[in-house]
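Just below is one structure, and these are the notes that go with it.
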Amino acid sequence: MVPSPLTPAPLGTAAPQGFSVPTSDLTFVEFFAGVGLIHEALAPLGWSCLLANDNDPRKVAAYKRNYSTPIDDSDIRELPVEKIPTARLATASFPCIDLSQAGGRRGINGEHSGIVWSFLDHIAQLTKEGRAPEFILLENVAGLLTLHEGASIDLLLRQISELGYSIDLIQVDARHFVPQARNRVFILAVRDLSLATSDPMPDTHIRRYKVQHIFQRNRDLPWVFFDFPELPTRRLELRNVLADLPEDDSRWWNEDRTQYFWDHLEHDHRPKLEAMAAAGADLQLTAVRRGRRRGLREQIFNLRFDGLASCLRTPKGGSSIQFVVRVRNGRVQIRRILGSESARLQGVAMKGNSPDFIIPESEQEALFAFGDAVCVPAVRWVFENSIQPLALGLPNTSTSQLALNLVSVA
């Protein structure tokens with residue numbers, strides 16, 4: 001087991017005070033970069049991005065507005081390996097569409113998600129040239145764990161291990177950091193087979209039964225288990241990220257559209273919402289539109305009563321759009337979620353959390369930009385409790401002992 005001795009820093013903070021990070025040595029290449037939220041997660045930890053790659057012109061434009069990092073806008077399949085700089089880390093939040101219901105769960109070899117093999121082809125070529133990254137970080141949807149009875153994840157893990165990497169597999173939900181239900185899988189790979197252990201996978205909060213089943217099927221792979229702390233308690237609430245628009249703001253739905261909402265609200269949810277309004281509640285909820293009700297194909301609205309937003313998605317269809325429902329003064333108002341709110345639900349563009357991050361001006365572009373992005377504080381927590389200590393050459397000592405060492409250095 002590999003200890004992960006760093007205490008998670010608050011959002012928007014850098015390395016612990018008094019702790020020297022050799023930033024010149026912490027370099028990475030960001031594939032499937034999107035608007036750069038993995039960059040945003042790693043930069044405060046001392047990492048410098050040498051090259052980003054994404055072929056969506058809208059996301060490339062957004063990336064350029066926030067970073068001076070060179071970004072290549074070619075399809076990764078057409079990116080020459082000689083253009084990829086030598087770096088210690090390669091990251092890939094590859095397309096998820098074929099791993100989800102939206103893409104018909106076609107699998108890891110689908111038209112979109114299958115592009116991950118081009119990423120691994122580049123890693124293989126870099127390996128042949130003696131320039132393999134020391135670490136790899138991959139992120140994707142939780143559906144990857146069970147797709148095709150696990151065939152997709154098994155194939156992906158085996159391919160990474162065959163490139164000479166020890167691997168760890170965890171599952172982390174963004175709800176521990178921001179008020180968004182966003183369950184994601186992280187694959188952590190280290191180019192050091194000597195770290196592999198024959199121990200059983202720890203049965204922890206981030207390695208639940210689905211991950212355990214994958215380990216049992218693939219016990220012959222070189223596994224390395226990072227010693228993660230307990231997930232943090234979320235401080236942000238929906239009220240911290242949702243805008244409190246005036247009642248007469250034009251973005252609130254008019255009477256006809258509001259009636260449409262009531263007419264198509266899940267029948268179990270309607271009396272709950274009516275009771276909240278009658279009781280004089282003052283709060284905001286989120287809702288999504290689903291195309292099914294007990295097996296029937298019809299549009300309905302589902303409310304969340306747990307204080308969370310549903311998982312953000314790109315607005316490509318009716319079920320991909322999320323709505324804000326405000327209850328105030330006995331009145332219920334509905335509107336579409338804003339791009340700025342989507343940004344905050346991913347952990348950027350608010351006080352204390354990447355406040356200077358520039359959001360695309362177009363609402364539609366902002367919703368696209370953040371709908372399939374990563375949650376910054378979740379990525380940062382995963383990274384600083386796994387790859388970061390190894391990259392810094394920290395000793396394999398207990399969390400408490402290292403914390404004492406850091407205090408003494410400070």
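The values are calculated or read from the model by the stated rules, or taken from the named source; none is laboratory data. Because the structure is predicted, anything quoted here is derived from the model rather than measured. FYI the Cβ positions are ideal-geometry reconstructions off the backbone, even for glycines, and counts take in every protein chain you see. Heads up: the accessible areas ignore ligands, DNA and RNA and are worked out on the full protein's heavy atoms, side chains in. Shrake-Rupley method; radii C 1.70, N 1.55, O 1.52, S 1.80 Å.
May I ask you to compute the full-extension gain from Glu134 to Thr204, defined as 0.36 nm times their residue separation minus their alpha-carbon distance, rounded to one decimal in nm?
Separation in residues times 0.36 nm, less the Cα-Cα distance, equals 22.6 nm.
Using the heavy atoms of the protein chains and a 1.4 angstrom probe, tell me the accessible area per residue for the range 268-377 in square angstrom.
The answer is 43 Å² per residue.
Calculate what fraction, in whole %, of the accessible area of the range 122-239 sits on carbon and sulfur atoms when a 1.4 Å probe is rolled over the protein chains.
47
So with the 1.4 Å probe, I'd like the accessible area per residue for the range 138-224, rounded to whole Å².
36
For the range 45-94, rounded, prolate or oblate, judged on the Cα gyration tensor with a ≥ b ≥ c (square roots of eigenvalues), a/c < 1.5 rounded, else prolate if a/b > b/c?
oblate
If I take every Cα pair under 8 Å that is 6 or more residues apart in the range 116-184, average their sequence separation and divide by the length, what percent do I get for the relative contact order?
RCO, the range 116-184: 24 percent.
Which distance in nm do the two modelled labels at Arg270 and Ser250 give, with both placed 7 Å along the Cα-to-Cβ direction?
3.2
Residue separation times 0.36 nm, minus the C-alpha to C-alpha distance between Gln125 and Arg158: what's the value?
Fully extending the segment from Gln125 to Arg158 adds 10.2 nm.
For the pair Ala243 and Phe305, what calculated FRET efficiency results from E = 1/(1 + (r/R0)^6), where r is the Cβ-Cβ distance and R0 = 22 Å, to the nearest 0.05?
Rounded to the nearest 0.05, the efficiency is 0.60.
Using only the alpha-carbon atoms of the range 172-238 as identical scatterers, what base-10 log of I(q)/I(0) does the Debye formula give at q = 0.15, 0.21, 0.23, 0.25 Å⁻¹?
-0.59, -0.96, -1.08, -1.19
State the extension gain, in nm to one decimal, for the chain segment bounded by Arg219 and Thr258, taking 0.36 nm per residue of separation less the distance between their alpha-carbons.
Gain on extension, Arg219 to Thr258, equals 8.6 nm.
Quick one: if the Förster radius is 45 Å, what FRET efficiency do Asp282 and Ser68 give, using the C-beta to C-beta distance and rounding to 0.05?
0.55
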